[in-house]
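*Asks:* Quick one: the structure is below, questions incoming.
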Amino acid sequence: MVEFVDGSVKAQLGPSDMRIAIQYGMSYPQRWDAPCEPLDWCQEPALSFGEADEIAFGCLRLAREAGRAGGTLPCAMNAANEVANDAFRQGACGFLDIERIVASVMHETCVERVESLQQLRDCDARAREAARRVLAEV
């Protein structure tokens, strides 16, 4: 769901099946027939919403922090998260290390106003290197 500055909200709803997202990535800008059964919204349980637990989901807290700060911090956060997640999938760190690695990189990032794509490429490279340094200490 995305909330816009005017208060309106748009949501992408559908079956919980990653094949849809992967297929969309392969077929964009076209839409192919769904690789799974559609949902019968009359048979689905009611949607309910609650506050996200940012203590249990610390990376969500970090993502929100980066979004509020803006500038180059979301770029640095994303790069650190990609390095940390890859390391976790390779068995090089534990799941809970992901949050620590991302937080460390965000803390050392000097947030700047975004001026160019090259600036973002440089920020991404610096954040990935910083994440690898933190990872080496795990």
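*Asks:* Rolling a 1.4 angstrom probe over the protein heavy atoms, how many square angstrom per residue are accessible across the chain?
*Replies:* Numbers: 10280 Å² over 138 residues.
Accessible surface, normalised per residue, equals 75 Å².
*Asks:* Accessible area of residue 124, 1.4 Å probe, to the nearest 10 Å²?
*Replies:* Its heavy atoms expose roughly 40 Å² to the probe.
*Asks:* Now a separate question. Looking at the range 41-119, which trypsin sites (Lys or Arg not before Pro) are in a loop (DSSP not H, G, I, E or B) and have at most 12 other Cβ atoms within 10 Å? Don't skip to the end; give the middle numbers.
*Replies:* Values: sites: 61, 64, 68, 89, 100, 113; in loops: 113.
Passing both the DSSP loop test and the Cβ count: 113.
*Asks:* How large is the helix-only mean residue ellipticity at 222 nm for the chain, computed as the sum of -39500 (n - 2.57) over DSSP H runs with n ≥ 4, divided by its residue count, in deg cm²/dmol to the nearest 500? Display every interim value, and only then the final one.
*Replies:* Working: 5 runs with 71 residues, N = 138.
Roughly -16500 deg cm²/dmol at 222 nm, from the helical runs in the chain.
*Asks:* With axes computed from alpha carbons, what is the tilt in degrees of helix 18-27 against the longest principal axis of the chain, rounded to the nearest 10 within 0 to 90?
*Replies:* Approximately 80 degrees, to the nearest 10.
*Asks:* Could you tell me the accessible area of residue 88 in Å² (1.4 Å probe, neighbours in place), rounded to the nearest ten?
*Replies:* About 80 Å², ignoring ligands and nucleic acids.
*Asks:* Once you charge only the Cβ atoms, +1 for Lys and Arg and -1 for Asp and Glu, what is the size of the charge dipole of the range 30-81 about its Cα centre, to the nearest 20 debye?
*Replies:* Details: 4 positive and 8 negative charges, 84 e Å.
Its charge dipole is roughly 400 debye.
*Asks:* How much of the calculated P(r) for the range 41-118 lies past 22 Å, in percent of all Cα pairs?
*Replies:* On the way: 1142 of 3003 pairs.
Value for the range 41-118: 38 percent of Cα pairs lie more than 22 Å apart.
*Asks:* Tell me which GluC sites (Glu not before Pro) from the range 1-81 have a DSSP coil assignment and no more than 14 other beta carbons within 10 Å of their own.
*Replies:* Passing sites in the range 1-81 are 51, 54.
*Asks:* Just want to confirm a number: the relative contact order over the chain, from Cα pairs under 8 angstrom separated by 6+ residues, in percent.
*Replies:* Numbers: 117 pairs, mean separation 28.0, N = 138.
Once normalised by length, the contact order is 20 percent.
The values are calculated or read from the model by the stated rules, or taken from the named source; none is laboratory data. Just so you know, these numbers come straight off a predicted model, no measurement behind them. Backbone-built Cβ (ideal geometry, glycine too); neighbour counts: all protein chains shown. To get the accessible areas, we keep the full protein, side chains included, count just its heavy atoms, and leave off ligands, DNA and RNA. Shrake-Rupley method; radii C 1.70, N 1.55, O 1.52, S 1.80 Å.
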